[in-house]
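These notes concern the structure reproduced below.
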Amino acid sequence: MSPLSEAIERLEAKYPGVLELGAKFEYIELVVRELPYQLPKEAYELYLLTDGLGARALFWCGHLLCLSEAVDAYKRLQKYNNFGSNWFPIMEDEGWL
């Protein structure tokens, strides 16, 4: 078991039902094909385990975006010069994205 899957398992045990169900691999492939780069295997693992956070209050510092929200945020952020074209926003904080 990877450290990421162990962490997700601990979160799910402590806060049942807060994490969304994982996405299917085919769905991930469909959504990320709009990106100009390949996501790392860790991002695939994350979205296979959970497709975002159902409750915005779990993390005080931000919200785990579902994959489609993350791709939309990436597209919106491209207009800013200080946003790296190879960055991928998996979380948002209130008011920033």
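The values are calculated or read from the model by the stated rules, or taken from the named source; none is laboratory data. Everything numeric in this text was worked out from a predicted model, so none of it was measured. Every residue, glycine as well, gets a Cβ built from its backbone with ideal geometry; the counts of neighbours run over all protein chains shown.
Some notes on this structure:
- Residue count, region 75-87 (criterion: in a loop (DSSP other than H, G, I, E, B) and out of contact with any helix residue (DSSP H, G or I) (no Cβ under 6 Å at 6 or more places or on another chain)): 9
- Selection of first residues in region 84-97 that are modelled with pLDDT under 85 and of second residues that are among the aliphatic types (A, V, I, L, M), restricted to Cβ pairs under 9 Å at least 6 apart or on distinct chains, gives the following pairs, ordered by first then second residue: E92/L64; E92/L65; E92/A70; E92/A73; L97/L65; L97/A73; L97/L77; L97/M91.
- If the condition is being closer than 21 Å to S68 by Cα and modelled with pLDDT of 95 or more, then region 6-21 contributes no residue at all.
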